[in-house]
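Comments concern the structure below.
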Amino acid sequence: MIEFRNVSKVYPNGTKGLHHINLSIDKGEFVVIVGLSGAGKSTLLRSINRLHEITDGEIVIDGQSITTAKGKELRHIRRDIGMIFQSFNLVKRSSVLKNVLSGRVAYHSTLRTILGLFPKEDVQLAFDALDRVNILEKAYSRADELSGGQQQRVSIARALAQEAKIILADEPVASLDPLTTKQVMDDLKRINQELGITTVVNLHFIDLAREYATRIIGLRGGEVVFDGPVEEATDEKFAEIYGRSIQKDELLGATAE
Ligand SMILES: Nc1ncnc2c1ncn2[C@@H]1O[C@H](COP(=O)(O)OP(=O)(O)OP(=O)(O)O)[C@@H](O)[C@H]1O
Ligand SMILES: [Mg+2]
């Protein structure tokens, strides 16, 4: 579903973001990417939908190169990829329903979406998506009236309405409390299992990574230093990924980054 072929990324200022990454992520996997701050997690995730351009190699999505795609082809590949951010990225003053419907924009002409003319089927898709993340009753609330956890569920619903085949989530729970964190991670996991959506999540905390991932990829200095099933991601392996022994409070997710 997602293939990295010898991918490197050097930022214009010379910083190495990614270094010779080779990865193959299958349909339906729930992959968690871990690593210290600056390890390259966001760079890796954002290069998947070309939010960041890579400087070398190629990324292939469902058999199509997103690296060389242009125009309509690129838009169609991107349509299959939903993105979830730490800061939710909602239009705060719009209703929840409108935010979720914005996931349909790539399927219609610009004029139609500017006028907010979404077909009935789209509205139904949006309601179904809200139902799946258990906030259907919030459909007509303003987005900024919702709690952080609820806002994150709106952004998950938006990806569902988009009918994304891949969900990329960059630190989706970093601004949430532990209980809300669990609800949002549970939503992502359930959607992954029920709909088979390939999910790649960046997480700071390794206890969460262990709890939810089927596969863990460890990055360090822009390189993959661990790639394996959760069972193999032992404390020793994590110490290697993090380049030092891990403090207990980090295991428990208590360190503010
Ligand atoms: N726009 C940019 N210009 C230059 N260097 C950048 C840019 N964005 C990131 N970097 C650098 O690239 C490297 C990887 O950054 P990245 O944001 O991918 O790390 P990360 O693992 O997501 O970190 P964090 O856990 O803090 O989010 C870091 O050294 C960072 O300073
Ligand atoms: Mg990051």
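Each value in this text was obtained by applying a stated rule to the coordinates, not by laboratory testing. Computed from a predicted structure; not experimentally measured.
Label the stretch 69-220 by shape, choosing from rounded, prolate and oblate, from the square roots a ≥ b ≥ c of the eigenvalues of the Cα gyration tensor; if a/c is under 1.5 it is rounded, and otherwise prolate applies when a/b is larger than b/c, oblate when it is not.
Because a/c hits 1.5 or more and a/b fails to exceed b/c, the stretch 69-220 counts as oblate.
For helix 148-161, what angle does its Cα long axis make with the longest principal axis of the chain, in degrees from 0 to 90 and rounded to 10?
That helix lies at roughly 70 degrees to the long axis.
For the chain, modelled as a Gaussian network with Cα springs under 10 Å, which listed residue fluctuates most, Leu195, Leu179, Leu23?
The residue that fluctuates most here is Leu179.
Hey, in the GNM for the chain with a 10 angstrom Cα cutoff, which one of Lys120, Lys165, Lys237 fluctuates hardest?
Fluctuation is largest for Lys120.
Tell me, what are the semi-axes, in whole angstrom and largest first, of the equivalent ellipsoid of the stretch 159-212 as set by the roots of 5 times the Cα gyration tensor eigenvalues?
19, 11, 11
Cross-link candidates for Lys16: which aspartates and glutamates have Cα within less than 16 Å, leaving aside residues fewer than 8 places away along the same chain?
Partners found: Glu53, Asp56, Glu223.
Calculate how large, on average over all directions, the projected area of the Cα convex hull of the chain is; give the answer in nm² to one decimal.
13.8
Would you compute the Debye intensity of the stretch 90-168 from its alpha-carbon atoms alone, equal scatterers and no solvent, and pass along log10 I(q)/I(0) at q = 0.23 Å⁻¹ to two decimals?
Result of the Debye calculation: -1.03.
Springs between alpha-carbon atoms under 10 Å, Gaussian network over the chain: tell me which of Ser147, Ser102, Ser155 tops the mean-square fluctuations.
Result for the chain, Cα springs under 10 Å: Ser147 fluctuates most.
If the cut-off is a Cα-Cα distance under 27 Å, which lysines reach Lys9, setting aside same-chain residues fewer than 8 apart in sequence?
Lys27, Lys41, Lys70, Lys72, Lys165, Lys237
Calculate the tail of P(r) for the stretch 37-128: the fraction of all Cα-Cα distances greater than 21 Å, expressed in %.
For the stretch 37-128, the fraction of Cα-Cα distances above 21 Å is 45 percent.
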